[in-house]
Amino acid sequence: MEQNLSLFYGLSFLTAALAFAYAVYLYLWVKKQPTKNAKIQEVAALIKQGANTFMRREYLILAKFAGVAAVIIFILLPSPIWSGNILSNVEMTVAYILGTALSAVAGKIGIMVATHSNSRAAEAAKKGIEPAFLVGFRGGAVMGLLVVGCSLLGVAAVLMVVGDTSIILGFSFGASSLALFAKAGGGIFTKTADVSADLTGKVELGIPEDDPRNPAVIADNVGDNVGDVAGMGADLFDSNVAAMASALVIAQSLSGGEYNNISMVFCYAILGLLSSIIGIANARIGRNGNPTHALNMSTYVTTGIFLVLTAIATAVFDGFSWRIWGASTVGLIVGVIIGITTDYFTDDSKPIVRKVAHASQSGPAFTVLSGVSYGFISALPAMVGIAISALLAYKICEPMGEGYAIFGISMAAVGMLSIVGMIISNDAYGPIVDNARGLAEMGNLGEETIRTADELDSAGNTVKAVTKGFSIGAAGLTVISLLGAFMSEANESLAEAGKELITGFDIMEPTVFFGILIGAAIPAVFSAMLILGVDKNAQRMVGEIHRQFNSIPGLREGKKGAKPEYGKCIDIATSGALKELIPAGLMSILSTMVVGFIGGPKAIGGFLLGNIVSGLLLALFMSNAGGLWDNSKKYVESGAEGGKGSEAHKAAVIGDTVGDPFKDTAGPSINTQITVVSLVSSLMSSIFVAISLFS
């Protein structure tokens with residue numbers, strides 16, 4: 001059996017190397033595409049410079065946070081250093097630092113590729129939708145392959161060296177904590193600029209979305225990269241690592257000296273990455289094709305390949321269980337279904353978006369009311385999907401014996417995230433073509449090119465909502481399995497302390513109920529802190545835009561030689577985002593620790609339950625409502641309901657600005673917040689057993 005595990009370690013490294021090699025090939029292919037327009041080159045250079053400046057300053061702050069966290073981990077985890085087992089503390093600390101470093105590297109390389117791809121996609125749009133789509137998608141695919149390759153390589157390397165799945169929780173916490181702050185910081189930056197540019201440009205002055213007269217327009221394009229490329233890449237890196245970590249912790253507790261379950265986790269992760277490579281290589285769009293259809297089809301093809309490959313592997317390898325394959329399959333299929341239902345609520349060719357666009361004729365209040373209502377409704381199918389997949393996975397694996405039911409849920413999460421390479425490729429495509437649309441306008445490439453870029457951008461918005469549904473759904477399953485991992489870790493400590501083991505969480509027990517109520521409140525407070533960060537920062541930027549339009553002669557009229565001071569807006573977005581970066585994340589982590597020290601492991605169980613349920617609901621609502629408002633605006637801009645400049649258009653723009661921090665700041669950050677508090681709970685479980693007020 002041990003030979004099987006060695007085989008899968010080797011295959012993990014080989015598959016990661018294959019993903020890196022293909023990513024390099026795609027990167028070089030993108031770089032070879034022509035970019036000749038001088039104006040586009042100038043603006044693209046400004047975007048690249050702004051993105052790199054923000055990332056450098058953000059990573060400097062995060063490095064300081066990681067350094068402090070590493071010292072605390074070294075002193076306290078997995079057990080206090082004075083208890084005598086210093087080697088485990090060193091391993092945990094190194095794993096944590098490796099998790100943060102790999103997450104940061106994936107984000108940085110994603111930014112590099114995206115800032116190369118945007119100008120090339122803009123110029124490719126002159127030739128038609130097919131070449132522009134290919135540049136945007138292949139640029140995004142580099143990010144997808146790197147993120148999944150890094151996560152598989154990191155998890156396999158840590159487990160092979162230390163042989164203890166508990167240490168992987170440290171690696172996962174490193175990835176999660178960096179993702180939490182990167183997503184929050186990038187999200188605040190991008191939406192500060194987007195909201196400010198839209199409100200001053202479209203609503204006040206009636207100028208086009210990416211008009212170079214608007215001082216916030218470059219900051220907006222920079223934000224697409226730091227929020228939607230680096231931030232989302234770190235987020236999905238974290239989700240993938242957390243899903244594997246929780247499955248491996250539970251698999252090791254079930255192993256009894258055998259390695260079938262651990263081997264199965266690695267096997268499915270390997271085949272997921274291979275399926276994504278095949279899917280990416282075959283992604284195409286016809287000359288007059290539909291980019292949304294092409295992106296969704298690539299996801300469905302990758303799903304089919306994964307199901308076939310895992311079925312073959314389950315049949316070939318001794319000790320692999322068809323029940324576990326069934327649980328993983330349930331997770332993946334439900335993930336696709338969540339994507340389809342999300343598409344129904346956010347695609348501008350479907351009725352919901354058009355109803356909100358129609359409501360915009362009556363003013364912004366009706367845009368907001370209808371969008372909020374449909375956003376809440378849209379959360380139901382995904383919540384039901386997560387519930388059904390957890391229930392089915394549990395029941396499918398329950399007959400295998402004690403502990404296997406929770407392992408089934410963790411494998412459903414692994415299944416849902418198995419094609420994460422394709423999901424990230426689709427997600428990173430969005431900001432690349434969004435930038436390309438802006439560059440096409442600023443480079444005066446003509447109405448036809450802008451229309452092509454708009455079509456690609458609209459597809460990016462729709463698919464981005466689908467990929468967020470996927471990642472939030474997977475986070476839901478992952479944290480349910482992390483709850484199982486927490487029980488495993490806590491029970492180990494309880495057994496050593498001679499205390500009663502946890503078999504479940506009774507909501508009528510006061511400490512559990514205490515935890516549920518506080519846990520349920522945290523995602524709402526966390527979201528409010530991030531949205532307030534956007535609000536305060538955007539108000540400062542709007543003031544700066546007004547100052548420039550009033551004080552720079554000829555800027556408002558677009559006279560030759562009148563140039564806006566783009567750097568001032570980039571600096572406002574950067575300094576504001578970095579200021580708001582840490583508090584919301586720290587609040588989540590510290591509140592977890594306070595609940596643990598007050599109520600012990602049972603209170604933490606309740607805390608995680610409340611956090612999961614309210615967090616998933618809010619994340620789905622905000623992500624879908626934001627995508628719905630964005631595409632309603634784009635639908636009006638295409639000529640419907642009065643078109644650009646109409647009252648419906650102004651109302652739709654206001655709806656979009658409300659939805660911007662929903663869908664790109666708070667919504668996608670919540671699933672990372674849920675993962676972080678789950679990992680903190682597992683890592684701190686032995687300390688909560690030893691020190692708590694009411695347990």
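The values are calculated or read from the model by the stated rules, or taken from the named source; none is laboratory data. Note that the structure is predicted; figures quoted are calculated from it, not measured. Virtual Cβ from ideal backbone geometry, glycine too; neighbours counted across all protein chains shown. Note: areas computed on protein heavy atoms with side chains; ligands, DNA, RNA excluded. Shrake-Rupley method; radii C 1.70, N 1.55, O 1.52, S 1.80 Å.
In table form, for the structure just shown:
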{"read-out": "Residue within the stretch 624-639 that is part of a helix (DSSP H, G or I), more than 24 Å from ARG451 (Cα to Cα) and of a type outside the set (Phe, Trp, Tyr) present", "value": "yes"}
{"read-out": "Residue in the stretch 616-629 that is touching a residue at least 12 places away in the same chain (Cβ under 8 Å), out of contact with any helix residue (DSSP H, G or I) (no Cβ under 7 Å at 6 or more places or on another chain), surrounded by fewer than 24 Cβ atoms within 10 Å (Cβ to Cβ) and of a type outside the set (Lys, Arg) present", "value": "no"}
{"read-out": "Residue among LEU517, LEU586, LEU530 that is without any contact (Cβ under 8 Å) to a residue 12 or more places away in the chain, under 20 Å from ASN611 (Cβ atoms), in a helix (DSSP H, G or I) and not polar (S, T, N, Q)", "value": "LEU586"}
{"read-out": "Residue pairs meeting the criteria (Cβ under 8 Å; at least 6 apart or on separate chains; first farther than 15 Å from GLY206 by Cα and open to solvent by less than 40 Å² (accessible area, probe 1.4 Å), in the stretch 632-645; second part of a helix (DSSP H, G or I) and among the hydrophobic types (A, V, I, L, M, F, W, C))", "value": "SER632/VAL353; SER632/VAL356; SER632/ALA357; SER632/ALA652; ALA640/ALA357"}
{"read-out": "Which numbered condition SER551 fails, given (1) hydroxyl-bearing (Ser, Thr, Tyr); (2) closer than 23 Å to GLY227 by Cβ; (3) surrounded by fewer than 19 Cβ atoms within 10 Å (Cβ to Cβ)", "value": "(2)"}
{"read-out": "Test result for LYS31, open to solvent by 50 Å² or more (accessible area, probe 1.4 Å) and farther than 23 Å from ILE97 by Cα", "value": "yes"}
{"read-out": "Scope the stretch 284-303; condition open to solvent by less than 30 Å² (accessible area, probe 1.4 Å) and either modelled with pLDDT of 85 or more or not aliphatic (A, V, I, L, M) (or both); matching residues", "value": "GLY289, PRO291, THR292, ALA294, LEU295, ASN296, SER298, THR299, THR302, THR303"}
{"read-out": "Residue in the stretch 341-348 that is free of Cβ contacts under 8 Å to residues at least 60 places away in the same chain, under 22 Å from MET383 (Cα atoms), part of a helix (DSSP H, G or I) and open to solvent by 40 Å² or more (accessible area, probe 1.4 Å) present", "value": "yes"}
{"read-out": "Hits in the stretch 562-603 - residues which are aliphatic (A, V, I, L, M), open to solvent by less than 10 Å² (accessible area, probe 1.4 Å), farther than 30 Å from ASN214 by Cα and under 25 Å from the mean Cα position of the chain (by Cα)", "value": "ALA584"}
{"read-out": "Filter pass, ALA243 being open to solvent by less than 10 Å² (accessible area, probe 1.4 Å) and either without any contact (Cβ under 8 Å) to a residue 12 or more places away in the chain or farther than 23 Å from GLU580 by Cβ (or both)", "value": "yes"}
{"read-out": "Among residues of the stretch 186-215, those that are open to solvent by 10 Å² or more (accessible area, probe 1.4 Å) and free of Cβ contacts under 8 Å to residues at least 40 places away in the same chain, counted", "value": "2"}
{"read-out": "Test: LEU380 is open to solvent by 40 Å² or more (accessible area, probe 1.4 Å), farther than 23 Å from ALA294 by Cα and in a helix (DSSP H, G or I)", "value": "yes"}
{"read-out": "The stretch 34-51, residues that are open to solvent by 50 Å² or more (accessible area, probe 1.4 Å) and touching a residue at least 60 places away in the same chain (Cβ under 8 Å)", "value": "PRO34, LYS36, LYS39, GLN41, LEU46, LYS48"}
{"read-out": "In the stretch 57-85, the residues that are closer than 23 Å to ALA157 by Cβ, surrounded by fewer than 20 Cβ atoms within 10 Å (Cβ to Cβ) and either in contact with a Gly (Cβ under 6 Å, 6 or more places away or on another chain) or modelled with pLDDT under 90 (or both)", "value": "ASN85"}
{"read-out": "GLU500 within 30 Å of GLY610 (Cα to Cα), surrounded by fewer than 22 Cβ atoms within 10 Å (Cβ to Cβ) and without any contact (Cβ under 8 Å) to a residue 40 or more places away in the chain", "value": "yes"}
{"read-out": "So ILE612, is it at pLDDT 95 or above and open to solvent by less than 60 Å² (accessible area, probe 1.4 Å)", "value": "no"}
{"read-out": "Selection within the stretch 92-135 - open to solvent by 50 Å² or more (accessible area, probe 1.4 Å) and within 27 Å of ALA179 (Cα to Cα)", "value": "VAL94, ILE97, LEU98, VAL105, LYS108, ILE109, MET112"}
{"read-out": "Leading residue by the ranking (farthest from ILE277 (Cα to Cα)) among those in the stretch 304-323 that are under 26 Å from the mean Cα position of the chain (by Cα) and either open to solvent by less than 20 Å² (accessible area, probe 1.4 Å) or small (Gly, Ala, Ser) (or both)", "value": "THR310"}
{"read-out": "Selection status of ASP434, open to solvent by 10 Å² or more (accessible area, probe 1.4 Å) and in contact with an Asp or Glu (Cβ under 9 Å, 6 or more places away or on another chain)", "value": "yes"}
{"read-out": "ALA652 vs. criteria closer than 18 Å to ALA357 by Cα, open to solvent by less than 10 Å² (accessible area, probe 1.4 Å) and of a type in the set (A, V, I, L, M)", "value": "yes"}
{"read-out": "Residue match in the stretch 659-679 (condition: of a type in the set (A, V, I, L, M) and either touching a His at 6+ places or on another chain (Cβ under 6 Å) or open to solvent by 10 Å² or more (accessible area, probe 1.4 Å) (or both))", "value": "no"}
{"read-out": "Pair list, Cβ under 6 Å, 6 or more apart: the stretch 440-454 residue open to solvent by less than 20 Å² (accessible area, probe 1.4 Å), other residue part of a loop (DSSP other than H, G, I, E, B) and aliphatic (A, V, I, L, M)", "value": "ALA440/ALA125; THR449/ALA125; THR452/ALA125; ALA453/ALA125"}
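Matching residues to (1) surrounded by fewer than 23 Cβ atoms within 10 Å (Cβ to Cβ); (2) of a type in the set (Gly, Ala, Ser); (3) under 27 Å from the mean Cα position of the chain (by Cα); (4) farther than 30 Å from GLU402 by Cα:
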residue: ILE480; (1), (2), (3), (4): no, no, yes, no
residue: ALA485; (1), (2), (3), (4): no, yes, yes, no
residue: SER493; (1), (2), (3), (4): yes, yes, no, no
residue: GLU496; (1), (2), (3), (4): yes, no, no, no
residue: GLY504; (1), (2), (3), (4): yes, yes, no, no
residue: SER527; (1), (2), (3), (4): no, yes, yes, yes
residue: VAL542; (1), (2), (3), (4): yes, no, no, yes
